[in-house]
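Enquirer: Have a look at this one before I ask anything.
The values are calculated or read from the model by the stated rules, or taken from the named source; none is laboratory data. Quantities reported herein were computed from a predicted structural model and do not represent experimental measurements. Glycine gets a Cβ as well: all are built from the backbone with ideal geometry, and neighbour counts include every protein chain shown. In case anyone asks, the SASA skips ligands and DNA or RNA and just uses the protein heavy atoms, side chains included. Shrake-Rupley method; radii C 1.70, N 1.55, O 1.52, S 1.80 Å.
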Amino acid sequence: MKHFAKIAALLLTVAMLVTMAGCSNETAGSGEGAANGDFKVGVIHIGDPADGSGYSYAHDLGIVAMQENLKLDDSQVIRKINVNDGDAAATRTAIEECIEEGCKLIFGTSWGYMDTMEQLAAEYPDVMFSHGTGYKSNGTNFNNYFGRIYQARYLSGIAAGLKTASNKIGYVAAMDIQNSEVTGGINAFAMGVESVNPEAQVFVKVTNSWFSPDLEKQAAEALLDMGCDVIAQHCDTTAPQLAAQSRGAFGCGYNSDMTKDAPQAHLTAPIWNWGVYYTKAAQAVMEGTWDAANYFGGMDDGLVDISPLSENCAEGTEEAIEAAKAKIKDGTFKVFEGELFDNKGNQVCAAGEVISDADITGAMNWYYRNVVAE
């Protein structure tokens, strides 16, 4: 597979993740321990990490960090790439191939794998299934992992709010207002924008696809045609950033640092350091301490962050972001707290209250007051 030719280069990129990855052995579970040499991990990717940017690439950086931390060689990691998360049969085939190859832990990295993983967890009780995003788990051999990416989106909103000249910022969204994961990210970004630029608005275009370079490009171009001069995104490819660069605009990517892809446009990106969780989960299965607890990490444990600010950022961006980041990390600022209003004038949070993580990721079907969506 062409991906493995890139492992050596990826190892250098993820060196910083190695020191952040944590291990948890505190609670006993039902899994059986496995020696390093016998242990195999399966990973189901919606795209191809060899593309070098975006969602699958970011997840694979975490897998490589896990390999380094746990001293696993390439033969102990079974990667399935370009598995359409909307195709249940293809998903089942990919997962069952991992099981046949001896995987005792399987990570499904995209929302659409969730139902199939739930079914297979019931069929294969001796295999541990860990699903990224989504919400389902069974408490025995199937859990859910995700994190407070909204914290990083808030920070990227600061970069966008300080950069825009038109006060029109575009946002390419994978799913509509009914998907709380996406909506919560849009709202956090918009709140970050407002914190430094109360006059700016965030215009949303939805692709209804997690991974579609063509649709993402079309959505970005439509936003640019509306006069947006910064393009943010919750979708999987670099297409929105490339579209922004082609029109002399700027952008905030997602999942990985996209400055190398759009060096004249990119400002920063909310990023995932997935190695923090992948190491923790694999170590637990290897040591027999897996307890299928759901995982929801944040900026404080290194799971989420923003990529280094590029030279395209406006003056004062670093100082504003660092001040906000410090408050997020020490817990004095929760992002979704205090008096908040949606774009229809309804109060959605009262003074002194905080919206829970469960509601942010599972029950947020409103847009913040400076968001404009069809």
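Enquirer: If I filter region 286-324 down to residues being part of a loop (DSSP other than H, G, I, E, B) and hydrophobic (A, V, I, L, M, F, W, C), which single residue comes out as nearest to ILE231 (Cα to Cα)? Walk me through how you get there before you give the answer.
Expert: First pass over region 286-324, keeping only residues part of a loop (DSSP other than H, G, I, E, B): 288-294, 298, 302-303, 307-316.
Next, from what is left, pick out any that are hydrophobic (A, V, I, L, M, F, W, C): 290, 292-293, 303, 309, 313-314.
Numbers: TRP290: 41, ALA292: 38, ALA293: 36, LEU303: 24, LEU309: 16, CYS313: 13, ALA314: 15 Å.
So, considering only residues that are part of a loop (DSSP other than H, G, I, E, B) and hydrophobic (A, V, I, L, M, F, W, C), the one nearest to ILE231 (Cα to Cα) is CYS313.
Enquirer: Given the conditions (1) crowded, with 22+ Cβ neighbours inside 10 Å; (2) at positive phi; (3) at pLDDT 95 or above; (4) not aliphatic (A, V, I, L, M), which single one is not true for ASN82?
Expert: It is condition (1) that ASN82 fails.
Enquirer: Just give me the residues in region 143-182 being out of contact with any strand residue (DSSP E or B) (no Cβ under 8 Å at 6 or more places or on another chain) and under 22 Å from ASN197 (Cβ atoms), in sequence order.
Expert: Across region 143-182, the qualifying residues are TYR150, TYR154, ILE158, LEU162, ALA165, SER166.
Enquirer: Then there is this: Among the residues of region 339-359, is any open to solvent by 30 Å² or more (accessible area, probe 1.4 Å), in contact (Cβ under 8 Å) with a residue 60 or more places away in the chain, out of contact with any helix residue (DSSP H, G or I) (no Cβ under 7 Å at 6 or more places or on another chain) and among the aromatic types (Phe, Trp, Tyr)?
Expert: No, region 339-359 contains no residue that is open to solvent by 30 Å² or more (accessible area, probe 1.4 Å), in contact (Cβ under 8 Å) with a residue 60 or more places away in the chain, out of contact with any helix residue (DSSP H, G or I) (no Cβ under 7 Å at 6 or more places or on another chain) and among the aromatic types (Phe, Trp, Tyr).
Enquirer: Among the numbered criteria (1) within 29 Å of TYR295 (Cβ to Cβ); (2) touching a strand residue (DSSP E or B) at 6+ places or on another chain (Cβ under 8 Å), which one does ALA265 miss?
Expert: Here ALA265 meets the rest and fails (1).
Enquirer: Please work out which residue is nearest to ASN82 (Cα to Cα), limiting yourself to region 104-126 and to residues that are open to solvent by 10 Å² or more (accessible area, probe 1.4 Å) and outside any helix (DSSP H, G or I).
Expert: LYS104
Enquirer: Taking the criterion of being within 30 Å of CYS349 (Cβ to Cβ) and open to solvent by 20 Å² or more (accessible area, probe 1.4 Å), would at least one residue in region 209-223 satisfy it?
Expert: Keep residues of region 209-223 that are within 30 Å of CYS349 (Cβ to Cβ), which gives 210, 219, 223.
Those left that are additionally open to solvent by 20 Å² or more (accessible area, probe 1.4 Å): 210.
Within region 209-223, one or more residues are within 30 Å of CYS349 (Cβ to Cβ) and open to solvent by 20 Å² or more (accessible area, probe 1.4 Å).
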